[in-house]
Amino acid sequence: SYRSLGQMSAARAAKTMPAGSTLIALLPTGSGKTDVVFSAVRDDCERDGIALIVVPTVALALDLETRVREKLEKVWGYGAFAGSAPFAWHHDTPSDVRDLIESRINSGEQRFIITSPESLLKSSVGGAIRNIAATGQLSWFVVDEAHIIKQWGESFRPEFLELGALAADLRRLAESKGKQPGRVMLLSATL
């Protein structure tokens, strides 16, 4: 069920958008933007796709990781796997967990990766994401709180400004290998 007409419209647009396209979902706080992501990525993730979700804070990454586990376990029926798999990559993620996530990305087992722009651009997870983009497995490039790209990117965290170029590079990389490019979804309540 939907919480609002706006959420229904965003979810349906996300489910039907063609590969390589971009959706901006502008919905009020508490209206279910994250559920729009989950409904959109489910089919792709069940077909070996990977959803990359970029968030601005560690707290949001950890909260989203908990919600991903809940969806995978209770809604999608992945059971015990969801309870133990790591999904969040941030500056405090231990090296053994980073190694596990990277290994799972490269093997195609990782269905979600939640990270910051800095980690995506300056750590080995970015290389793993490029590798899966080249195979056509990067189904979604989602930016949560997308208004921060402009608000924080100009002076506070310039890596946010690089996300558009990165998404375009990942799209071109897939296309250059004859693979289907991922879709981009920008989520915000305050664009």
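Residue under question is residue 130, and the condition is that it be of a type in the set (Lys, Arg), over 15 Å from the mean Cα position of the chain (by Cα) and under 25 Å from residue 24 (Cα atoms); does it hold?
No; evaluated as a whole, the condition is false for this residue.
Can you name every residue in segment 158-177 that is part of a helix (DSSP H, G or I), more than 20 Å from residue 118 (Cα to Cα) and open to solvent by 70 Å² or more (accessible area, probe 1.4 Å)?
Hits for segment 158-177 are 172, 175, 176.
Report, ordered by the first and then the second residue, all pairs with beta carbons closer than 7 Å, sequence separation of six or more or different chains, a first member in segment 94-108 that is outside any loop (DSSP other than H, G, I, E, B), and a second member that is of a type in the set (Gly, Ala, Ser).
Close Cβ pairs (under 7 Å, with a partner that is of a type in the set (Gly, Ala, Ser)) amount to 102/124; 102/128; 105/128; 106/128.
Determine whether residue 189 is open to solvent by less than 10 Å² (accessible area, probe 1.4 Å), closer than 25 Å to residue 71 by Cα and among the small types (Gly, Ala, Ser).
Details: open to solvent by less than 10 Å² (accessible area, probe 1.4 Å): no; closer than 25 Å to residue 71 by Cα: yes; among the small types (Gly, Ala, Ser): yes.
Answer is no for this residue.
Rundown of residues vs (1) assigned to a helix (DSSP H, G or I); (2) closer than 26 Å to residue 44 by Cα; (3) touching a strand residue (DSSP E or B) at 6+ places or on another chain (Cβ under 9 Å); (4) open to solvent by 10 Å² or more (accessible area, probe 1.4 Å), yes/no style:
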{"position": "127", "(1), (2), (3), (4)": "yes, yes, no, yes"}
{"position": "132", "(1), (2), (3), (4)": "yes, yes, yes, no"}
{"position": "140", "(1), (2), (3), (4)": "no, yes, yes, no"}
{"position": "145", "(1), (2), (3), (4)": "no, yes, yes, yes"}
{"position": "151", "(1), (2), (3), (4)": "yes, no, no, yes"}
{"position": "156", "(1), (2), (3), (4)": "no, no, no, yes"}
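Being of a type in the set (Asp, Glu), without any contact (Cβ under 8 Å) to a residue 40 or more places away in the chain, in contact with a helix residue (DSSP H, G or I) (Cβ under 8 Å, 6 or more places away or on another chain) and farther than 23 Å from residue 10 by Cβ: is that true of residue 154 here?
yes
Does residue 180 meet the test of being open to solvent by 20 Å² or more (accessible area, probe 1.4 Å) and either of a type in the set (A, V, I, L, M, F, W, C) or on the phi < 0 side of the Ramachandran plot (or both)?
The answer is yes for residue 180.
Name every residue in segment 1-58 that is assigned to a loop (DSSP other than H, G, I, E, B) and within 30 Å of residue 94 (Cα to Cα), in order of residue number.
Listed by number, the residues that qualify are 47, 48, 49, 55, 56, 57.
Residue under question is residue 184, and the condition is that it be of a type in the set (Val, Ile, Thr) and at pLDDT 95 or above; does it hold? Explain how you work it out, then say what you get.
Details: of a type in the set (Val, Ile, Thr): yes; at pLDDT 95 or above: yes.
Taking the combined requirement at face value, the residue satisfies it.
The values are calculated or read from the model by the stated rules, or taken from the named source; none is laboratory data. A quick note: this is a predicted structure, and the numbers were derived from the prediction, not measured. No Cβ is skipped: glycine too gets one built from the backbone with ideal geometry, and neighbour counts run over all protein chains shown. Accessible surface areas use protein heavy atoms only, side chains included; no ligands, DNA or RNA. Shrake-Rupley method; radii C 1.70, N 1.55, O 1.52, S 1.80 Å.
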